[in-house]
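To start, the structure itself, in structure tokens.
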Amino acid sequence: MPSKLDALNRWVDDVAKRTRPDHIHWCDGSDAEYRQLVDEMLATGELLELNQQTHPRCYLHRSNPKDVARVEKATVICTPTRDEAGPNNNWMAPADAHAKVDALFDGCMQGRTLYVIPYCMGPIGSPLSRCGVEITDSKYVVANMRIMTRMGTAALARIEREGSFVKGQHSVGTLDPANRWIMHFPNELTIKSYGSGYGGNALLGKKCHALRIGSFQAREEGWLAEHMLIVGIENPKHEIRYVAAAFPSACGKTNLSMLIPPEGYRREGWRVWTVGDDICWMRPGKDGRLYAINPEAGYFGVAPGTSKKTNPNALAMLQHDTIFTNVAVTADNQPWWEGLDDRKPAKDWQGRDYDPANGPAAHPNSRFTVRANQCPSWSPEAENDAGVPIDAIVFGGRRGSVVPLVFEARDWTHGVLMGASMASETTAAATDVGVPIRRDPMAMKPFCGYNYGDYFAHWLSFDQAGAKLPRIFHVNWFRKGADGKFLWPGFGDNMRVLEWMLKRVTGEADALATPIGNLPRAEDLNLEGLHLSDTALDELFRVDTAEWRAEEAAVGEYLAQYGSHLPDRLKAEHQRIVAALNAASESAAAPVRKAAAAS
Ligand code: TSX
Ligand code: MN
């Protein structure tokens with residue numbers, strides 16, 4: 001009798017014929033298998049034991065120094081036409097891409113073991129989950145996939161039941177940056193990654209499957225695959241409401257996903273529960289609300305900057321059963337990175353004696369890989385097959401000027417425009433003037449598997465009769481005052497902003513209508529114990545007409561590149577905002593914020 005695994009077996013055979021490994025190992029995902037892999041890597045030096053007294057079962061991996069991050073120029077979407085991939089992606093014709101990368105795969109696993117990794121993105125029984133199989137010749141990849149996904153026997157059983165899965169073919173190859181490709185064939189549910197062993201290039205379940213292939217599949221099937229954290233916020237009445245939030249890199253997404261509320265909030269019974277720190281798959285339920293799952297089972301987080309002050313929950317979960325990549329170590333062999341504490345590193349990320357002349361001790365993109373449920377704030381709802389209902393979607397960016405702390409979209413269309421208009425500063429600069437910003441709609445710039453214009457249209461399509469969609473907000477924790485200092489304390493105090501959002505959802509909080517959206521008045525936000533000056537408050541919420549006319553002009557120019565793919569509804573919404581800003585500046589010199597109260 002033909003089995004639904006025939007297609008899988010045939011594909012594994014085909015890949016093995018091309019790559020010619022010495023052995024083939026089908027991963028079962030067991031503890032014993034993980035232990036065995038770790039022991040083998042310890043023997044080869046692929047993993048180094050960290051201090052087992054302070055960090056039981058923690059290991060360090062030092063990557064090739066030329067293989068330390070995702071490479072956007074090597075990332076390609078291979079759709080039949082360039083237009084389907086859009087100006088937001090690198091494109092190659094599928095046949096050309098296959099030919100190019102298959103030549104590199106030829107014989108590349110000789111002398112090595114080919115690992116077959118069946119995995120499930122999302123709770124194993126959830127209808128929102130999707131399966132994949134990654135083939136790799138890297139033990140490090142297998143160990144990381146075991147932490148990051150539901151891997152092994154249960155996933156294989158689901159694949160056998162469903163028959164459909166994403167095929168991911170990976171080899172570290174020669175690690176030559178000139179021969180490095182991360183290719184996506186969304187119509188074939190196929191990923192081919194060659195020449196890198198690092199992070200999103202190699203752990204194919206994450207960015208490649210859950211976002212690039214996922215977003216493409218989501219459009220066909222009527223759901224959303226987003227680059228968002230998911231948190232549950234519990235109020236003193238023990239009601240938990242869920243928020244999904246998209247931020248570009250370097251905005252503290254992982255920190256926000258594990259936030260600990262300020263002392264006063266905790267005393268009243270507020271709590272934040274972590275469902276996910278990076279990826280969110282959402283689909284409308286029968287009741288019209290959007291239900292979300294975190295497709296991942298672990299965190300692959302940036303280490304530098306993680307400390308007891310910025311993220312105590314993360315620090316607690318990193319004390320055991322963690323793989324560290326490219327961090328430094330102290331003299332007694334504990335993991336260390338810039339921003340952790342004021343101990344001194346002994347060896348840098350390349351294993352050299354630490355010398356500040358060589359740059360930072362830990363690589364700025366050094367990482368930890370850890371199981372999600374090791375986080376003290378981990379939400380058991382992360383295992384709920386039905387997902388969690390989302391009440392608010394938050395977009396954000398790092399903007400030293402122009403963009404206020406928080407504002408709310410008037411409706412779904414306006415919210416989608418807010419997401420499409422997102423931008424973030426690329427580098428920390430000494431001054432605020434002329435800081436380069438990069439447009440990063442919905443924080444999906446490197447992850448959207450098709451044309452952004454069509455993606456915006458897909459977002460708009462959720463606005464249907466009967467839909468009970470989340471409210472949409474925009475936040476900026478990073479506005480600076482004239483003295484160049486951050487105006488908002490951030491971190492745990494972001495709870496105050498989250499509280500206002502959820503009170504907007506339930507109708508318990510007020511706002512002021514402005515052309516860019518609804519802003520809290522100072523009295524709508526709980527600012528108790530913050531000691532913010534009146535000038536700081538005014539600056540945090542100031543909507544400057546001239547600055548915003550320039551901002552919206554830049555947004556219009558950016559969106560115009562999507563041409564005929566850009567939905568008319570989005571264009572019209574943008575024109576409405578431009579017109580309102582023009583009217584505001586002509587009618588009054590007063591700041592736009594001093595407008596009428598919103599309902
Ligand atoms: O993660 C951050 N968040 C979100 C936290 C839940 N960071 C770190 C960003 C780099 C990844 C922030 N940095 C946040 C923030 O809300 N805000 C800032 C800016 C800031 C930095 C330092 C201070 C205040 C604000 N204060 C002192 O250093 C005392
Ligand atoms: Mn991410």
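Given their separation in residues at 0.36 nm each and the Cα-Cα distance between them, Lys309 and Lys571 gain 90.1 nm when the chain is fully extended. Glu408 sits among other residues whose Cβ lies under 9 Å from its own Cβ, and their net charge, with Lys and Arg +1 and Asp and Glu -1, is +3. Dimensions of the chain along the principal axes, based on C-alpha atoms and rounded to the nearest Å, stand at 76, 55, 47, largest first.
The local environment of Trp500, defined by Cβ-Cβ distances under 14 Å, has a net charge of -3 under the rule Lys, Arg +1 and Asp, Glu -1.
Highest mean packing first, where packing is the average number of other Cβ atoms within 10 Å per residue, the peptides 356-365, 314-323, 410-419, 290-299 line up as 290-299, 410-419, 314-323, 356-365.
By the rule of a C-alpha distance below 28 Å, with chain neighbours fewer than 8 residues away ignored, the lysines paired with Lys73 are Lys100, Lys139, Lys167, Lys192, Lys206, Lys207, Lys253, Lys445.
Per-peptide packing, taken as the mean over residues of other Cβ atoms within 10 Å, places 541-547, 527-533, 301-307 in the sequence 301-307, 541-547, 527-533 from highest down. Excluding residues fewer than 8 places away in the same chain, name every one of the aspartates and glutamates whose C-alpha is closer than 17 Å to that of Lys308. Here the aspartates and glutamates satisfying the reach criterion relative to Lys308 are Glu263, Glu338, Asp341, Asp342, Asp493. In loop segments of the stretch 1-57 as defined by DSSP, the trypsin sites (Lys or Arg not before Pro) with at most 16 further C-beta atoms inside 10 Å of their C-beta are Lys4, Arg57. Taking other residues whose beta carbon is less than 14 angstrom from the beta carbon of Asn526, and scoring Lys, Arg as +1 and Asp, Glu as -1, yields -3.
Modelled spin-label separation between Arg57 and Ala553, with each label point placed 7 Å from Cα along the Cα-to-Cβ direction: 5.9 nm.
For the stretch 173-235, relative contact order (Cα pairs under 8 Å, six or more residues apart, normalised by length) works out to 24 percent. Where both residues lie in the chain, what percent of DSSP beta bridges are antiparallel, nearest 5? In the chain, approximately 65 percent of DSSP beta bridges are antiparallel ones.
The numbers here are math on the coordinates, done by the rules we state, and not lab data. Quantities reported herein were computed from a predicted structural model and do not represent experimental measurements. We place every Cβ from the backbone using ideal geometry, glycine too, and count neighbours over all the protein chains shown.
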